[in-house]
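Q: Here it is: the structure, laid out below.
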2 protein chains.
Amino acid sequence: MAMADRILLGPGPSNPYPEATSALAAPLLGHLDPEFLRILDQTCERLRQVWGTANRRTLPLSGTGSIGMEAAFANLVRPGQPVVVAVNGLFGERMCDVAARYGATVHRVDHEWGQPVDVDRVLAAHPAPALVGAVHAETSTGVRSDIAALGAALRARDEDTLLLADCVTSLGGIEVAVDDWGVDVAYSGTQKCLGVAPGLAPFTISERAWAHRVEHPPTWYLDLGMIGDYVSGTASGGRTYHHTAPVAMIASLHAALGRVLDEGLDAVVRRHHAAGQRLQDGLVDLGLELFAADGHRLPELTTVRVPDGVDSAQVRGRLLTEYGIEIGAGAGKYASTVWRIGLMGHNARLDRAELVLAALRQVLRR
Amino acid sequence: MAMADRILLGPGPSNPYPEATSALAAPLLGHLDPEFLRILDQTCERLRQVWGTANRRTLPLSGTGSIGMEAAFANLVRPGQPVVVAVNGLFGERMCDVAARYGATVHRVDHEWGQPVDVDRVLAAHPAPALVGAVHAETSTGVRSDIAALGAALRARDEDTLLLADCVTSLGGIEVAVDDWGVDVAYSGTQKCLGVAPGLAPFTISERAWAHRVEHPPTWYLDLGMIGDYVSGTASGGRTYHHTAPVAMIASLHAALGRVLDEGLDAVVRRHHAAGQRLQDGLVDLGLELFAADGHRLPELTTVRVPDGVDSAQVRGRLLTEYGIEIGAGAGKYASTVWRIGLMGHNARLDRAELVLAALRQVLRR
């Protein structure tokens, strides 16, 4: 059977950087091999640069992006604690679900999908929550929220509330500045702007949040204290085995981060911006209507309304079978009325933007 | 810097089958692409063959082997329920830790490390536990336990106790027969005898256990009901997105399983047996003493005592730097007095056995 070769322009995964693919297939190393530990340490250091943080506990967790969300709540929330979640899409919804499983008293602040998070409403939801969670780049709607403003407002009010940011679709694509923004804990996924296959969740946690963490969380696999003893080393300088690290995936992330930092973070952000702007302009030129609120659109993930009378699934199917291009359906109640088109990581390029515009023009006969 | 190329003869990871490596680097597919879903379905079907089960819920979980253990307890144990764990090594210890985190009242049955599980003692630990957990192939000691006998004894006593088997180091290397043995839930890792990089936990659960599961487990990422709606499909036949599947790793597992089934499960088991037997005979010929109890030794993972006066770490270091061969230290209190030598998956070969024997002979000057 012929091997399918797709151009992945949905909400993720995206096509990996070539360096990431090569590293996946490199000879495997043991998870305690000094060579691998060097790669692991460098990966954590590269992640610090991309996150914009000096956090000692900055590491790739061994699961896909959502495991980062779970690790955050499992290690930071105690039963009965108030947690405020800004919900402006599917991943804010998910935060409420996960927080509640770990016993939090969840105060959700609902927003219309397609709109960014309203900082004032989030602050008004509770006077002193243990944690506030918000999504930086909502994968379900293509909206960017102002985490810097949220962080500043929280810090101005009190010193105890922790700020959690979901950066699954932002890290490596648009600016993320964990330390400057006052973010205490953040997670991402490898399969979006970082340009690696899915399977790891880059994670970072501040010293402040670390000091507040649950000593013996209800999960073993995501016990950050135990994981930290392997990844960052123990107080005595050694490393304690926790679980077998996904060495091939980590080598792949290491290579992709090397590529991103060689290009330069600013240049990578500009590339995502240019590709997304061209796509959004081109979609409007085709007579289509963008979904996300103007001024808050992610360059790396564009949402566009399916024109009246057009069968969303049929168009996506034709793009896939005739052009080898994957774009995404909408999420939740917008499943059949919105498309999601990603230009992330290695795909954040003008040629990808032109290609998907040209293919859409053909399929929609515009 | 030169790329390290290791011969991985520790307790895992092992060197992947070439097919598994090629598949890792194949063009990436989206997690909802029909082509990928075909690969996922085939992977689950191939896993059923390797597990020896007709369980509908047989799938790769998105994490390394230990996530299988966590998923089992998270989805099957309710606070206060009695759970019996046979402890004859590190992974039995870990089961106690994980079970307790999910609220189980743990009745541990301790065995001397290096000895197999004593079925009668396990049965005597509690008259009617909700679940009994045991490790089929103890990675820490190189011991095989008789899960078939444990299953038969449990079934003869009552119909309600679930049987959990850790098959991380057995699946794809020695016989595993989930249905015949009366195992209700079992998990493995990809990086041992299955010959794939670490990152997935093959998992299977019987209808009986499924009916007993916790409807809304404390973990979101490992909520088997939600995962099943994506992997196995919903009752209405559709699939519901849960988390982004680690598509590259699943394609790699798919390829390795194809290789294993092409060779034939019986032949693969014979190959592991022959390689392990040669290694163990050769170690004895070198004057070394095997650690695991005679008659209960795993062919795929051999434990051997470090001779008196020999520095364990120095020998392992020389094997690594001079020969590119990784072998493992011991686990727990045997860290510096036992070596663990794996001949798993693609490494279950006579040439690997001869190579590590020859290198040990040189380094030990025997």
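The values are calculated or read from the model by the stated rules, or taken from the named source; none is laboratory data. What you see is a predicted model, and the numbers here were worked out from it, not measured in a lab. Using ideal geometry, Cβ is built from the backbone for each residue, glycine included, and neighbour counts are taken over all protein chains shown. Surface accessibility is based on the protein's heavy atoms, side chains included, excluding ligands, DNA and RNA. Shrake-Rupley method; radii C 1.70, N 1.55, O 1.52, S 1.80 Å.
Q: For segment B:24-79, which residues satisfy the criterion of being β-branched (Val, Ile, Thr) and either touching a helix residue (DSSP H, G or I) at 6+ places or on another chain (Cβ under 7 Å) or part of a loop (DSSP other than H, G, I, E, B) (or both)?
A: Step one: of segment B:24-79, the residues β-branched (Val, Ile, Thr) are B:39, B:43, B:50, B:53, B:58, B:64, B:67, B:77.
Answer for segment B:24-79, where residues must be β-branched (Val, Ile, Thr) and either touching a helix residue (DSSP H, G or I) at 6+ places or on another chain (Cβ under 7 Å) or part of a loop (DSSP other than H, G, I, E, B) (or both): B:39, B:43, B:50, B:53, B:58, B:64, B:77.
Q: What's the number of the only condition in (1) surrounded by fewer than 14 Cβ atoms within 10 Å (Cβ to Cβ); (2) touching a Phe, Trp or Tyr at 6+ places or on another chain (Cβ under 6 Å) that residue B:336 fails to meet?
A: With (1) surrounded by fewer than 14 Cβ atoms within 10 Å (Cβ to Cβ); (2) touching a Phe, Trp or Tyr at 6+ places or on another chain (Cβ under 6 Å) applied to residue B:336, the lone miss is (2).
Q: Still on this structure, please answer the following. Residue A:48 - would you say it is among the basic types (Lys, Arg), more than 12 Å from chain B (Cβ to nearest Cβ) and in contact with a Ser or Thr (Cβ under 8 Å, 6 or more places away or on another chain)? I'd like the intermediate steps shown before the answer.
A: Numbers: among the basic types (Lys, Arg): yes; more than 12 Å from chain B (Cβ to nearest Cβ): yes; in contact with a Ser or Thr (Cβ under 8 Å, 6 or more places away or on another chain): yes.
Taking the combined requirement at face value, the residue satisfies it.
Q: Which residues, counting only those in segment A:201-217, are surrounded by 19 or more Cβ atoms within 10 Å (Cβ to Cβ) and at the interface with chain B (Cβ under 9 Å from one of its Cβ atoms)?
A: Result: A:217, single match.
Q: While we're looking at this one, here's another question. Might you let me know whether segment B:153-174 holds any residue that is within 25 Å of residue B:290 (Cβ to Cβ), in contact with a helix residue (DSSP H, G or I) (Cβ under 6 Å, 6 or more places away or on another chain) and among the acidic types (Asp, Glu)?
A: yes
Q: Could you list, ordered by first residue, the pairs with Cβ atoms under 6 Å in which the first is in segment B:244-261 and within 12 Å of chain A (Cβ to nearest Cβ) and among the hydroxyl-bearing types (Ser, Thr, Tyr) and the second is buried (at least 24 other Cβ atoms within 10 Å of the Cβ) and outside any loop (DSSP other than H, G, I, E, B), at least 6 apart or interchain?
A: Short answer, once both residue conditions are applied: B:252/B:20; B:252/B:23; B:252/B:24.
Q: Return the residue satisfying two criteria in turn: it lies in segment A:1-23 and is open to solvent by less than 10 Å² (accessible area, probe 1.4 Å) and under 16 Å from residue A:246 (Cβ atoms), and of such residues it is nearest to the other protein chains (Cβ to nearest Cβ). Even if it seems obvious, please write down each step before you answer.
A: Looking only at segment A:1-23, we keep the residues that are open to solvent by less than 10 Å² (accessible area, probe 1.4 Å), and these are A:8-10, A:12-14, A:17, A:20.
Add one more test, that the residue is under 16 Å from residue A:246 (Cβ atoms), and what stays is A:13, A:20.
Details: A:13: 6, A:20: 10 Å.
This residue is A:13.
Q: Consider residue A:56 against the criteria (1) within 16 Å of the chain's Cα centre (by Cα); (2) more than 9 Å from every other protein chain (Cβ to nearest Cβ): it satisfies all of them except one. Which criterion is unmet?
A: Here residue A:56 meets the rest and fails (1).
Q: Looking at residue A:132 and the list (1) open to solvent by 30 Å² or more (accessible area, probe 1.4 Å); (2) away from every other protein chain (no Cβ under 14 Å); (3) in contact (Cβ under 8 Å) with a residue 40 or more places away in the chain; (4) under 27 Å from residue B:226 (Cβ atoms), which single condition is not satisfied?
A: (1)
Q: Could you tell me whether segment B:229-250 includes any residue that is open to solvent by less than 20 Å² (accessible area, probe 1.4 Å), in the same structural domain as residue B:76 (by TED's automatic domain parsing), modelled with pLDDT under 95 and assigned to a helix (DSSP H, G or I)?
A: If we filter segment B:229-250 for residues that are open to solvent by less than 20 Å² (accessible area, probe 1.4 Å), which is where we start, we get B:230-231, B:233, B:242-250.
Those left that are additionally in the same structural domain as residue B:76 (by TED's automatic domain parsing): B:230-231, B:233, B:242-250.
After this cut, where a residue has to be modelled with pLDDT under 95 as well, the list is B:230-231, B:233, B:242-245.
So of that shortlist, the ones also assigned to a helix (DSSP H, G or I) come out as B:230-231.
Yes: one or more hits.
Q: Filter segment B:46-82 down to the residues that are open to solvent by less than 10 Å² (accessible area, probe 1.4 Å) and of a type in the set (S, T, N, Q) and list them by number.
A: Across segment B:46-82, the qualifying residues are B:58, B:64, B:75.
Q: Same structure again: Kindly indicate whether residue B:337 is of a type in the set (Val, Ile, Thr) and closer than 23 Å to residue A:29 by Cβ.
A: So residue B:337 does not fit the description; no.
Residue-by-condition table, conditions (1) over 20 Å from residue B:34 (Cα atoms); (2) in a helix (DSSP H, G or I); (3) not assigned by TED's automatic domain parsing to the domain that holds residue A:300:
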residue: A:316; (1), (2), (3): no, yes, no
residue: A:322; (1), (2), (3): no, yes, no
residue: A:336; (1), (2), (3): no, no, no
residue: A:339; (1), (2), (3): no, no, no
residue: A:346; (1), (2), (3): yes, yes, no
residue: A:352; (1), (2), (3): yes, yes, no
residue: A:357; (1), (2), (3): yes, yes, no
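Q: Going through segment B:86-116 one residue at a time, which ones are part of a helix (DSSP H, G or I), of a type in the set (Gly, Ala, Ser) and within 11 Å of chain A (Cβ to nearest Cβ)? Walk me through it before giving the result.
A: First, pick out the residues of segment B:86-116 that are part of a helix (DSSP H, G or I): B:90-101.
Those left that are additionally of a type in the set (Gly, Ala, Ser): B:92, B:99-100.
If the condition is that a residue be part of a helix (DSSP H, G or I), of a type in the set (Gly, Ala, Ser) and within 11 Å of chain A (Cβ to nearest Cβ), then B:99, B:100 are the ones that fit.
Q: Out of the residues in segment A:261-320 meeting the condition of being within 17 Å of residue A:334 (Cβ to Cβ) and of a type in the set (Val, Ile, Thr), tell me which one is most open to solvent (accessible area, probe 1.4 Å).
A: Looking at the filtered set, the residue picked out is A:310.
Quick grid of which residues meet (1) surrounded by fewer than 24 Cβ atoms within 10 Å (Cβ to Cβ); (2) among the β-branched types (Val, Ile, Thr):
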position	(1), (2)
B:116	yes, no
B:140	no, no
B:156	yes, no
B:177	yes, no
B:190	no, yes
B:194	no, no
B:199	no, no
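Q: From the residues in segment A:69-85 that are more than 16 Å from the chain's Cα centre (by Cα) and among the small types (Gly, Ala, Ser), which one is nearest to the other protein chains (Cβ to nearest Cβ)?
A: Filtering first and then ranking leaves A:74.
Q: Out of the residues in segment A:142-154 that are open to solvent by 10 Å² or more (accessible area, probe 1.4 Å) and of a type outside the set (Gly, Ala, Ser), state the one that is nearest to residue A:305 (Cα to Cα).
A: So the first thing to find is which residues in segment A:142-154 are open to solvent by 10 Å² or more (accessible area, probe 1.4 Å), and the list is A:144, A:146, A:148-149, A:152-153.
Then keep just the ones that are of a type outside the set (Gly, Ala, Ser); that gives A:144, A:146.
Details: A:144: 18, A:146: 24 Å.
Checked segment A:142-154; the qualifying residue nearest to residue A:305 (Cα to Cα) is A:144.
Q: Can residue B:41 be described as modelled with pLDDT of 95 or more, within 11 Å of chain A (Cβ to nearest Cβ), surrounded by fewer than 18 Cβ atoms within 10 Å (Cβ to Cβ) and farther than 23 Å from residue B:181 by Cα? It would help to see each step written out before you state the result.
A: Details: modelled with pLDDT of 95 or more: yes; within 11 Å of chain A (Cβ to nearest Cβ): no; surrounded by fewer than 18 Cβ atoms within 10 Å (Cβ to Cβ): yes; farther than 23 Å from residue B:181 by Cα: yes.
No.
Q: Ok, one more. With the requirement that a residue be open to solvent by less than 50 Å² (accessible area, probe 1.4 Å) and either modelled with pLDDT under 95 or in contact with a strand residue (DSSP E or B) (Cβ under 8 Å, 6 or more places away or on another chain) (or both), what does segment B:118-128 give you? Can you show your working first?
A: Restricting attention to segment B:118-128, the residues satisfying the condition of being open to solvent by less than 50 Å² (accessible area, probe 1.4 Å) are B:119, B:122-123, B:125-126.
Hits for segment B:118-128 are B:122, B:125, B:126.
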